[in-house]
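K.L.:
Handing you this structure, nothing more for now.
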Amino acid sequence: MDHKFDFTALRDYYIYPEDFPDFSKDTPAPVFWVDNDNVTAEIIDYTWRQGNGILVWRNATRGRHEEMMSLDWVRENFDMEKYYEGQGDLENYFFWNDTDWNKAYQYPALGPHSPIKMQDFVDNTLDGEHLPYYLGFNLKLLAENLNLRKIFMSWFDEIVAPAAGEDDYFSSKVGKKMFGVVNYFHEFSFMYYGNENYAPMHNGIADDSFIQVSNTKRWVFIHTRYFPYLQIIFRDFAAMMMIDFPEVPHVVVDVGPGDFMYFPPAWCHAVVNLEDTWGMGIGIRDSRKTMKQMVSKVLFGSSIEADVGHSFNQWFQFLKAKLTGYDPSSNMKRRSAVEVIFQQYTMDEFQVEQLHKHTHDMNNKYAHVFDENIERGVDYGNGRKFKGKPFSKDNFPVQTTEGANQRLREYGERLTLDAESLKEFVEDRNAKREAEGWKYEL
């Protein structure tokens, strides 16, 4: 954590692509695709309980998600008066951080319209004009809509029961503390429209159980054994960002409506949305099971090739954070996690070039993996249209560093507010901005 957000700090120690070993001889990362006819308790145990690989279970909800795919159902079942954090300023999802194209990179836009009222979000983003706003990685949506939390937890319970050894694995402890400020589980939700937004390559300390309700997400994974080749930096003690090199093996899986997916702790991943429709997904990160898996791998090793080092690394970072006085409660109290991926990174020219290629891959939905006619890292004009044109070095919205810092300061003020205080914060801020001539109404 000594060099947070600085990709250049350790560049003298990085391994560059020309010196990469031959990865083609590596044992492929384990991935299991199953459905309701061939899923077994052994597969669930090997993946979800032991953390040895990815599990994609088609139609794990057995069709019960289908009624949720209607926006009428959303309006009837969510509290439309709540306010939530998200990404986007109702005009763009991303800004470039600098007017110099050779030094520029994208980061999420947090505009004057953030946070947003659920009613406005449903009527104007999921429906209506589809204004750019991504209610993504939201940490409070289920906690403030308890009827929906109960439904989703029951689905997760049913899915993992054959390996969990109990019928209410999630329901019995959701919302409860394991110790201190650490919950047994951390719930997160995604609601959005279309396929323009994405999450660049990153990771988190915990494993991930996920149900897609509407739209389809394409997940691009890199196994933790490749950490030494990704020029990794820490965002905080529990999450990292990295450079995506095509020479490193990737695993690509599509997760559609009704599907369940699991991936193990710390796996690097990038995510794109594929369909021009509204989307929703619900996930859980399991603190208890993640810690058990990491302890087991450190003490007893792993049957999976090169699957132990990241656990040593993460325990070291956790201990270091404790000894240096880092307060993890700031992470636990957040209403949304989107702010951790748009800091002002320090990169050299080579790294910015790689990030540009990664951005193009995200905009192209990683189509080069499936279509030999699509080249990796090439701009095919698939980025979000801005004033009728795709982003380019001559045409992109710009936000100054000071402007970004101002938004960061304001954003930090409201991260831990409860729903009622957040609503008051927004109303007070909007009144001040209206007096100053801001235009903030939808």
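K.L.:
Hey, among L131, L148, L135, L141, which residue is part of a strand (DSSP E or B), in contact (Cβ under 8 Å) with a residue 24 or more places away in the chain and aliphatic (A, V, I, L, M)?
P.N.:
Step by step, each of L131, L148, L135, L141 is checked, and only L135 is part of a strand (DSSP E or B), in contact (Cβ under 8 Å) with a residue 24 or more places away in the chain and aliphatic (A, V, I, L, M).
K.L.:
In the stretch 195-214, how many residues are modelled with pLDDT under 95 and either in a loop (DSSP other than H, G, I, E, B) or over 11 Å from M362 (Cβ atoms) (or both)?
P.N.:
9
K.L.:
Can you say whether A206 is closer than 21 Å to S302 by Cα and buried (at least 21 other Cβ atoms within 10 Å of the Cβ), as far as the supplied structure shows?
P.N.:
It is true that A206 is closer than 21 Å to S302 by Cα and buried (at least 21 other Cβ atoms within 10 Å of the Cβ).
K.L.:
Follow-up question, since we're still on this one. Taking into account only those residues within the stretch 348-391 that are surrounded by 13 or more Cβ atoms within 10 Å (Cβ to Cβ), touching a helix residue (DSSP H, G or I) at 6+ places or on another chain (Cβ under 7 Å) and at pLDDT below 85, which is nearest to G88 (Cα to Cα)?
P.N.:
Across the stretch 348-391, the extreme among qualifying residues is G383.
K.L.:
Six or more apart or on different chains, Cβ under 9 Å: which pairs go from a residue in the stretch 276-302 that's touching a residue at least 12 places away in the same chain (Cβ under 8 Å) and more than 26 Å from F316 (Cβ to Cβ) to one that's polar (S, T, N, Q) and surrounded by fewer than 19 Cβ atoms within 10 Å (Cβ to Cβ)? Could you list them?
P.N.:
Filtered contacts from the stretch 276-302: G279/T216.
K.L.:
Right, here's the next one. Read through the list (1) aliphatic (A, V, I, L, M); (2) under 13 Å from the mean Cα position of the chain (by Cα); (3) under 25 Å from K357 (Cα atoms), then give the number of the only condition that A206 fails.
P.N.:
For A206, the exception is condition (3).
K.L.:
Next question. Among the residues of the stretch 21-32, is there at least one that is touching a strand residue (DSSP E or B) at 6+ places or on another chain (Cβ under 9 Å) and either farther than 29 Å from Q314 by Cβ or small (G, A, S) (or both)?
P.N.:
yes
K.L.:
Against the condition in a helix (DSSP H, G or I), buried (at least 21 other Cβ atoms within 10 Å of the Cβ) and at pLDDT 90 or above, how does F121 come out, does it pass?
P.N.:
yes
K.L.:
Quick check on my filter: what residues within the stretch 235-266 are assigned to a strand (DSSP E or B) and at pLDDT below 90?
P.N.:
Scanning the stretch 235-266 gives R235, D236, A239, M240, M241.
K.L.:
Looking at this structure, is W48 surrounded by fewer than 18 Cβ atoms within 10 Å (Cβ to Cβ), modelled with pLDDT of 95 or more and part of a helix (DSSP H, G or I)?
P.N.:
So W48 fails the test.
K.L.:
Another question, then. Among the residues of the stretch 163-172, what is the count of those that are touching a residue at least 24 places away in the same chain (Cβ under 8 Å) and assigned to a loop (DSSP other than H, G, I, E, B)?
P.N.:
Of the residues in the stretch 163-172, 1 are touching a residue at least 24 places away in the same chain (Cβ under 8 Å) and assigned to a loop (DSSP other than H, G, I, E, B).
K.L.:
May I ask you to verify whether K292 is modelled with pLDDT of 70 or more, basic (K, R) and over 22 Å from the mean Cα position of the chain (by Cα)?
P.N.:
yes
K.L.:
Which one of the conditions (1) surrounded by fewer than 23 Cβ atoms within 10 Å (Cβ to Cβ); (2) aromatic (F, W, Y); (3) touching a Phe, Trp or Tyr at 6+ places or on another chain (Cβ under 8 Å); (4) outside any strand (DSSP E or B) does F188 fail to meet, given that it meets all the rest?
P.N.:
Answer for F188: the failing condition is (4).
The values are calculated or read from the model by the stated rules, or taken from the named source; none is laboratory data. The model shown is predicted, which means the values in this text are computed figures rather than measured ones. Cβ: placed from backbone, ideal geometry, glycine included. Neighbour counts: every protein chain shown.
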